[in-house]
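What follows is calculated from the coordinates using simple rules that are stated; it is not laboratory data. Remember, predicted model here, so these are calculated numbers, not experimental data. Every residue, glycine among them, receives a Cβ derived from its backbone with ideal geometry; neighbour counts consider all protein chains shown.
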Amino acid sequence: MDTNEIIDTFTALSQITRLKAFRLLVRHEPDGLPAGELARLLDVPHNTMSAHLGVLSRSGLITSKRQGRSIIYRASLARMNDVVAFMVNDCCAGHPELCQPLQQPSAAKASCNVEIEK
């Protein structure tokens, strides 16, 4: 992962609706959610949600798959892991054990229990 990819990722997450949508998709892993359900849960018009999902998709943070007449969106946890790994790559002046909790599945699991506000 290079610096431009990281900037694209953070740019995608720097808008409140996209951040909420991504966090909601993380909570609904591994099943994902249809675009209409995302729009309903976040109280966002469907066309606006579609534009936000496009930004998240181009950044690699989400994936989509057609399922019948719906498109199901899922968070790309692998991409998020790559972002975290990039951020802590040169961690703590030679003391990488200080960043170890950021790379543990339990830390990611604990953060998934946070409520998504509308």
Rounded to whole Hz, the Karplus (6.51, -1.76, 1.60) HN-Hα couplings of the range 58-73, x for glycine and proline: 5, 7, x, 6, 9, 10, 9, 8, 6, 9, x, 8, 9, 10, 9, 9
Sparsely packed trypsin sites (Lys or Arg not before Pro) within the range 1-83, loop by DSSP, other Cβ within 10 Å at most 12: Arg69
Length gained when the stretch Gln100-Glu37 is fully extended (0.36 nm per residue, less Cα-Cα span): 19.1 nm
